[in-house]
Structure formats: C-alpha cells, structure tokens
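Undergrad: Next up is a structure, given as structure tokens.
The values are calculated or read from the model by the stated rules, or taken from the named source; none is laboratory data. The shown structure was predicted, so the numbers you read here are calculated from the model rather than taken from an experiment. Note: ideal-geometry Cβ built from the backbone for every residue, glycine included; neighbour counts use all protein chains shown.
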Amino acid sequence: MPFECQSCWHVWQEEYVVRHIEDDHGNAGEVWLRADLPIPPPSPGAICPRCGCQKATTFPDGYLSRHPELIPPAEPVVPDATPLLSPVPRPFY
Ligand SMILES: [Zn+2]
C-alpha cells in the first residue's frame with residue numbers, strides 16, 4: 001500500500017495483507033495483517049518515516065505504477081568520488 005506524506009511529500013510503501021472475514025452472524029469485516037500479525041488498519045494518520053508527521057495519506061494499490069516519478073530511487077545517490085583538487089603549493093625559491 002503506497003503512502004504519501006502530505007507534509008514533506010515523501011512516498012513510501014508498506015506491505016499489508018487485507019483479509020476479508022465474515023463472522024457467524026454474517027457480518028463482513030476486514031482484518032489487516034502485516035508479517036502475519038493483525039494490526040490496526042492504516043488510515044490517514046500514518047506516521048511519515050522521514051519527517052515523523054502524521055499527515056500521511058494512502059494511495060490505492062497500483063497508483064505508483066502509474067506515477068513512477070513518485071517512487072524514490074532504490075539506489076542511494078553516490079556522492080561524487082572525484083577528490084577535490086587542492087592547490088599545488090608553489091615552489092619557494
Ligand atoms: Zn513527511
């Protein structure tokens with residue numbers, strides 16, 4: 001399930017399993033699972049892992065596949081390895 005922070009626009013995804021259940025009285029419901037543990041359903045109010053604000057919102061599954069520009073690059077940006085050129089000391093005569 002994709003999430004987007006409405007404060008810093010950070011986009012991330014968390015894997016959830018939604019299991020539809022029906023009790024003995026015919027009441028349908030949903031159970032949210034993450035790593036096989038029941039969790040409260042994610043909702044607006046998910047905590048942004050980047051800025052910690054609680055104004056994150058969710059996208060429907062598949063949203064990011066239509067908006068690939070929102071997906072952060074998987075590889076961290078490698079800093080330029082070129083060493084800074086230090087001024088060569090002038091020979092002193
Ligand atoms: Zn944020």
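Undergrad: Suppose we filter the stretch 7-27 for residues that are in a loop (DSSP other than H, G, I, E, B), modelled with pLDDT under 85 and not charged (D, E, K, R); how many remain?
TA: Number satisfying all stated conditions: 1.
Undergrad: On the basis of being assigned to a loop (DSSP other than H, G, I, E, B) and modelled with pLDDT of 80 or more, does PRO49 make the cut?
TA: So PRO49 passes the test.
Undergrad: Among what's in the stretch 52-67 and is more than 16 Å from the ligand (Cβ to nearest atom) and not aliphatic (A, V, I, L, M), pick the residue that is modelled with the lowest pLDDT.
TA: Looking at the filtered set, the residue picked out is ASP61.
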